[in-house]
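Everything below concerns the one structure shown next.
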Amino acid sequence: MSYLGVDIGTSGCKAVAFDAEGRLIGGAHRSYGLKTPQPGWMELDSQEVINACCAVISDAARKAGDDQVRAIAISSQGEAFTPVNDKGEFLGNAMVSSDSRSFELIKPFVEQFGMERLYGITGHTPSTLFSLFKLLWLKQNRPEIWKQGVRFLCFEDLLHLRLGLEPAMGWPLAGRTMLFDVKKHVWSPEILSALELEAQQLARPLPSGSVAGFIPADIGSGLGLPQGVKVVTGGHDQTIGALGAGVIEEGSAMYAAGSVECLCPVVSRLTLSPELCRNNLCCYDYSLPDCYTSVAYSLTGSNLLQYFREQFGTELSYDAVLAELPTAPTDLLALPYFTPSGTPYFDQQTPGAVLGWRLTTSRGELLKSLLEAVALEMKLNLALLGNSGMKIDRLIATGGGSRNRQLVQLKADVLNKPIDNIDVNEAGCLGAARLAQSADLDIPVLELVRREFLPDQKILPNPERAEQYQRKFEQYKLFYSGIKNLTETIRSR
């Protein structure tokens, strides 16, 4: 027997079959492209995404062979939704997280509804990220689609619809819509009323690891699946990836080192403090029962390394570029806002900057200063989480950036925290598969993940470099304030 984890991302989707011991049997991947019809607009063709999901499910089921699939769960990107009409037809593309067209709608909505009230219900502060404001934009700017939309579904529940189920979604994904009451675990009547939306237009919100239904025989056979395959709720990709990485104890967090750098801790109680709210740090359901999480992130991550290589070292491999990094901290100070910032500022105006760049600065020094800046931004987030009651003692690295020891060492030095490097390439799919297995066998998912694996490496901070980075961290906070003020002054003239 096997269990299938599906991971629906912004650039592609994967499906991986695992056996009962968590060993990878086989998987498949399909890519798709973001569409940018106007500046600030970022969309996915929902039909293309769902077709790709069905293709990878079929491929992974075939590779599972005699280890027939018994259950499936889905890890999904957050926030993106698709309007669906009464015939089940998709009415347009999905606006993904980075789509910022709703920016002008946030202030008037919050002034009318109330910031504290909104945070107290949803555990999130307003941003163009969230489905709430994307839906508001659709209602005001595409009224013909709004009127035809009998359902507005995120990708987990949209795939449920394609698999022949009454759509459901895990609580962690529901939390990322900013329509969900994280205390009562229902769609918020107050927010839906303000949006003029009905709860039945959204999927059923269920705890992660709940049986959402069974794939009908005709649909299952078309995908190469046996009869009676369970579909189990997963949720938001960060929480499912953290589960797959073994983040199961309070005080631990996943450090996802990818295009977006993200910290995802697990805590035992819902924390909606003024400190978290002030710093745009959320709190919502985790993928384990009675647990919660936050996501602290920088929208600049390994995409900065890719940009640097393309602009300044196209003839070199990534390993060759990274080999030029000096061991010691640089004398440069950088601000990594080469995309809009993530937490804690949600700053879409202040640009990236480098202080101290001279004719004597080497390419390796410049690159290291940029990578230091990303790590310093995460150090800021780590400190703010700790000050808000989410103290993190153990970091578990995942993602492409975790495969280079030099990069992980840099993060350990800057954060002054040991980082566990794990030998898991598909943490999102594994976390989803473990939820599927838990529901199928009626075994607590905590038991399944506890027996999973030991860290491949524990990378310790270098005390001397950590001390130097602590001094640089104090400078970094001043640098942000200075660049922000300068940017505002220039824009006002």
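Each reported figure results from applying straightforward, stated rules to the coordinates on display, with no laboratory input. As the structure is a computational prediction, the values presented were derived from the model and not from experiment. Glycine also receives a Cβ, built like all others from the backbone with ideal geometry; neighbour counts cover every protein chain displayed.
Worth a mention:
- The chain: radius of gyration and largest Cα-Cα distance (Dmax), Å: 22.1, 69
- Under 19 Å from the GLN140 label point (7 Å along Cα→beta-carbon), backbone N, the stretch 339-360: 348
- Overall, the chain carries a charge dipole of about 800 debye about its Cα centre when +1 sits on the Cβ of Lys and Arg and -1 on the Cβ of Asp and Glu, all other atoms neutral.
- Violating pairs (Cα-Cα greater than 30 angstrom) within the set LYS147/LYS484; LYS107/LYS184; LYS14/LYS139; LYS391/LYS477; LYS147/LYS230: LYS147/LYS484; LYS14/LYS139; LYS147/LYS230
- Rounded to 5, percent antiparallel among DSSP beta bridges of the stretch 2-242: 65
- Hz values of 3J(HN,Hα) by residue in the stretch 97-108 - Karplus curve (6.51, -1.76, 1.60), Gly and Pro given as x: 3, 7, 5, 10, 5, 8, 3, 6, 8, 5, 4, x
- Debye intensity ratio in log₁₀ form over the Cα atoms of the stretch 317-442, taken at each q of 0.10, 0.13, 0.21 Å⁻¹: -0.42, -0.68, -1.32
- For a label point 7 Å along the Cα-to-beta-carbon line of THR360, residues of the stretch 311-354 with backbone N under 18 Å: 326-333
- Expected 222 nm ellipticity per residue - DSSP helices of 4 or more, -39500 (n - 2.57), all of the chain, to 500: -12000 deg cm²/dmol
- With 0.36 nm allotted per residue and the present C-alpha distance subtracted, the SER492-GLN306 stretch has 63.6 nm of extension available.
- Taking the square roots of 5 times each eigenvalue of the Cα gyration tensor of the stretch 1-143, largest first, gives ellipsoid semi-axes of 35, 18, 12 Å.
- As a calculated quantity, the FRET efficiency between PHE103 and SER11 at R0 = 22 Å, using C-beta atoms, amounts to about 0.40.
- Surrounding net charge for ALA15, when Lys and Arg each add one and Asp and Glu each subtract one, Cβ distance under 12 Å: +1
- Total formal charge among the other residues, if their Cβ is under 10 angstrom from that of LEU173, Lys/Arg +1 and Asp/Glu -1: -4
- Kirkwood hydrodynamic radius of the stretch 277-366, from inverse mean 1/r over distinct Cα pairs, in Å: 15.8
- Taken over the stretch 8-69, the percentage of Cα pairs per 5 Å bin, counting from 0 up to the bin with the maximum distance, is 4, 19, 23, 17, 13, 10, 6, 4, 3, 1.
- Label-point separation, GLN468 to SER193 (7 Å along Cα→Cβ), nm: 5.9
- Nearest-ten-degree value, helix 363-387 long axis tilted from longest Cα axis of the chain: 60
- Looking at the chain, the DSSP beta bridges with both ends there are about 65 percent antiparallel.
- Distance in nm between pseudo-label sites at ALA217 and ASP423 (7 Å out along the Cβ direction from Cα): 4.4
- Sequence-separation-based contact order of the chain, relative, with Cα cut under 8 Å and 6+ spacing, percent: 16
- Top positive-direction residue, dipole computed over the chain with Cβ charges, set GLY92, TRP171, GLN470: GLN470
- Overall dimensions of the stretch 2-242 by Cα: Rg and Dmax, Å: 17.7, 58
- Charge tally for VAL231 (other residues, Cβ to Cβ under 14 Å; Lys, Arg +1; Asp, Glu -1): 0.
- Each 5 Å bin from zero holds the following percent of Cα-Cα pairs in the stretch 168-270: 2, 12, 15, 17, 16, 15, 12, 9, 2, 0.
- Within the stretch 2-242: Cβ-based charge dipole about Cα centre, in debye rounded to nearest 20 (Lys, Arg +1; Asp, Glu -1): 60
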